[in-house]
Amino acid sequence: MERNGNDPVSEPGGPGSRPTCSRESPHESKKMVYISMSLIARRNLQLPAEKQTPEDITKAVAKLTTVRLDRENIGTLENFKCLENVCSLYLQQNQIKRIENLELLCSLRFLMLAGNKIQKVENLKPLQQLGFLDLSNNQIEQLDPGEFPESLIILKMIDNDCTKQERYRERIIGALPALQQLDGNPIQRRKEPNETDEANETSGDSESEEEQYDSETKKEDSLPEISVSLGKMKGSYSTICWIEIRQ
């Protein structure tokens with residue numbers, strides 16, 4: 001029907017006007033996901049979860065050493081009781097705001113938390129075997145190096161405002177005696193006279209470490225590509241895995 005020239009024209013937002021819909025980003029409009037047994041099973045078990053009994057799923061999840069939960073829109077770190085044997089945990093590209101509830105993962109060596117909304121480094125000290133930590137592209141403005149476990153060998157903090165702090169690199173290196181790489185750059189430390197001999201004695205375990213990380217990075221093509229080479233170090237770790245991540 002044509003509008004008569006005398007008909008009133010509705011102003012935007014006034015009576016008779018169509019309601020405007022605000023546009024949300026894909027992440028904001030998507031429902032927040034919680035970590036659950038079914039999610040872990042769906043992402044990490046080879047057989048479809050619906051074809052297994054609850055008992056089968058529980059036993060299989062408990063045996064996992066590598067768990068991938070990246071890009072799931074996860075908002076909270078919780079429900080890790082079933083993952084006590086996990087050594088590598090991938091949680092990048094989610095909506096996580098706080099590091100918490102990881103103390104049960106006492107075997108954790110590799111933790112990927114890049115691309116989240118984390119604002120503070122906290123609750124990592126109990127992870128005394130953690131060697132690799134990626135917190136790149138978060139929202140960390142202030143940093144206390146004392147919150148990191150001293151076992152860290154590789155640390156990535158790129159694209160956080162805390163990296164602009166005065167003496168950022170020196171403070172982290174001073175707090176982490178085992179650290180060998182920070183933000184993709186190797187750390188040069190003074191060697192003790194007998195350090196070379198001790199490193200040679202511990203070189204026998206390097207092959208098994210390399211095989212472990214190689215097998216983990218081939219499981220899912222959608223994840224960042226990871227290449228591994230080995231270097232020797234003194235301390236609780238007999239070898240160090242140099243890992244480059246290309247997003």
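The values are calculated or read from the model by the stated rules, or taken from the named source; none is laboratory data. Just so it is clear, the structure is predicted and the values come from calculations on it, not from any experiment. Quick reminder, even Gly has a Cβ in these numbers, built from the backbone with ideal geometry, and neighbours come from all protein chains shown. Ligands, DNA and RNA are stripped out before the accessible areas are found, and what is left, the full protein with its side chains, is counted by its heavy atoms. Shrake-Rupley method; radii C 1.70, N 1.55, O 1.52, S 1.80 Å.
Quick look at the numbers
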| quantity | calculated |
| --- | --- |
| Single unsatisfied condition, E103 versus (1) closer than 20 Å to Q180 by Cα; (2) out of contact with any helix residue (DSSP H, G or I) (no Cβ under 8 Å at 6 or more places or on another chain); (3) of a type in the set (D, E, K, R); (4) open to solvent by 40 Å² or more (accessible area, probe 1.4 Å) | (1) |
| Number of positions in segment 166-183 that are in a loop (DSSP other than H, G, I, E, B) and either surrounded by 14 or more Cβ atoms within 10 Å (Cβ to Cβ) or touching a Phe, Trp or Tyr at 6+ places or on another chain (Cβ under 7 Å) (or both) | 5 |
| Those residues of segment 116-143 which are of a type outside the set (A, V, I, L, M, F, W, C) and over 17 Å from K97 (Cα atoms), in sequence order | K125, P126, Q128, Q129, G131 |
| Close pairs from segment 142-158: first in a loop (DSSP other than H, G, I, E, B), partner among the β-branched types (V, I, T) and open to solvent by 10 Å² or more (accessible area, probe 1.4 Å), Cβ under 9 Å, at least 6 apart | L143/T163; M157/T163 |
| Enumeration of residues in segment 152-165 that are open to solvent by 10 Å² or more (accessible area, probe 1.4 Å) and of a type in the set (S, T, N, Q) | T163, Q165 |
